[in-house]
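**Q** Below: one structure in structure tokens.
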Amino acid sequence: MVERRNTGTGWPDAVPARSPGAGARVPAGTTEPVDGPGAAVGGGADGPSGAGSGRGSRRVSTAGLMIVGLLVLLGFTLAVQVRSTSTDPTLAAARQEDLVRILSDLEAREERLRQDIAELEASQRQLTSGAEGRAAALEEASRRADELGVLGGSLPAQGPGLRVRFVAGREPIRASELLDAVQELRGAGAEVMQISGGDGRSVRIVASSYLLDVDGGVEVDGVRLTGPYEVLVIGEPSTMRTALNIPGGVVASVSGDGGTVIVEEREVVEVSALSDPSQLRYARPVS
């Protein structure tokens, strides 16, 4: 609908018709728009145009702004979370040369793991190659038995590794410090380990080993050892040395008590202490 308005210069101009409540033009002397009540249908406050349409646009604009704000807040939250999880306070406090050594050790360990994967895949191919697979299976089983015997502490072992000596200062060497050394060495790839005391007694470290503080020394798997203590460990020497010297590690802890940790790399370390096998109560071998 349109409202025709006479301008006095010819044909009337055409402008959108609006209802009286919405500001429609009403000729003088009347109370209804020129086009009559029908104009209110298309241009009233509740119609698709006019003031009702303006309020709808405002509602759409407000909802859009809220959605944009929520998306921005979500992106900011994700960015903060990624940054916080990717920051290691221990590594952030380390020196540049320590970080370089750690990176080098991780790359060396990755290479060793790749070699192990290749060897296992080759063994798998041999074991599934038919008649020759039986002989290969027996050889592989014998090799695995020896490895498990070394890891379980029932067989002696030798190889490259470290000799670590703990010399007490103003405070005695505690069981917790020796345990920290064992855990750091294991985390750096140590395979076989034993702890010796000043009296010459040695204890093989296995998965079930424990260490306790006792009067005048440390008890390891029920054996009382006195200082100074010595740890013989087989593994990658440079990697294990780096693990022991990480800031805040066992070397720093012992040094803080006035003690000293002496780390020596050796081409051949002999671990001769054996662990007594556990007496099984419920399990029985399968014949």
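The values are calculated or read from the model by the stated rules, or taken from the named source; none is laboratory data. Predicted model, so just to flag it, every value in this text is computed and none were measured. Glycine gets a Cβ as well: all are built from the backbone with ideal geometry, and neighbour counts include every protein chain shown. Protein only, heavy atoms only, side chains kept; ligands, DNA and RNA dropped before computing areas. Shrake-Rupley method; radii C 1.70, N 1.55, O 1.52, S 1.80 Å.
**Q** Can you give the charge dipole size of region 127-277 about its Cα centre, rounded to the nearest 20 debye, using +1 on the beta carbon of Lys and Arg and -1 on the beta carbon of Asp and Glu?
**A** Rounded to the nearest 20 debye, it is 40 debye.
**Q** In nm, to one decimal, how far is the L151 label point from the D215 one, both placed 7 Å along Cα→Cβ?
**A** Those two pseudo-labels are separated by 4.1 nm.
**Q** Could I ask something else about it? Which FRET efficiency, nearest 0.05, do A122 and Q158 yield, Cβ-Cβ r, R0 25 Å? Walk me through the numbers on the way to the answer.
**A** On the way: r = 25 Å, r/R0 = 1.01.
E(calc), rounded to 0.05, equals 0.50.
**Q** If you don't mind, there's one more thing I want to ask. Mind ranking 187-193, 216-222, 264-270 by how tightly packed they are, going by the mean number of other C-beta atoms within 10 angstrom, highest first? Mind showing how you got there, number by number?
**A** Details: 187-193: 20.3, 216-222: 17.7, 264-270: 13.3.
Averaged packing, sorted descending, gives the order 187-193, 216-222, 264-270.
**Q** What is the ratio of the Cα radius of gyration of region 122-280 to 2.2 N^0.38 Å, with N the residue count, to two decimals? Write out the running numbers ahead of the final one.
**A** Working: Rg = 18.2 Å, N = 159, 2.2 N^0.38 = 15.1 Å.
The value comes to 1.21.
**Q** Around V192, with a cut-off of 14 angstrom between Cβ atoms, what is the net charge of the other residues, counting Lys and Arg +1 and Asp and Glu -1? Please report the intermediate quantities before stating the final value.
**A** Details: positive: R163, R186, R204, R266; negative: D146, E147, E191, E236, E270.
After counting each charged neighbour, the total is -1.
**Q** Of the accessible area of region 219-287, with the probe set at 1.4 angstrom, what percent is carbon plus sulfur? If you can, show how the numbers build up before the last one.
**A** Numbers: 2050 of 4070 Å².
Accessible surface attributable to carbon and sulfur in region 219-287 totals 50 percent.
**Q** For R241, what charge total do you get from the other residues with a beta carbon under 12 Å from its beta carbon, if Lys and Arg give +1 and Asp and Glu give -1?
**A** Working: positive: R101, R163, R266; negative: D98, D105, E184, E236, E264, E265.
Combined, the nearby Lys, Arg, Asp and Glu give -3.
**Q** Just to confirm, what accessible area per residue do you get for region 229-275 at 1.4 Å probe, in whole Å²?
**A** Details: 1990 Å² over 47 residues.
For region 229-275, the per-residue accessible area is 42 Å².
**Q** Now for a different question. When the chain is fully extended, how far beyond the present Cα-Cα distance does L73 get from S176, taking 0.36 nm per residue of separation? Intermediate results must be reported in sequence, preceding the final value.
**A** On the way: separation 103, 0.36 × 103 = 37.08 nm, distance 4.56 nm.
Length gained between L73 and S176: 32.5 nm.
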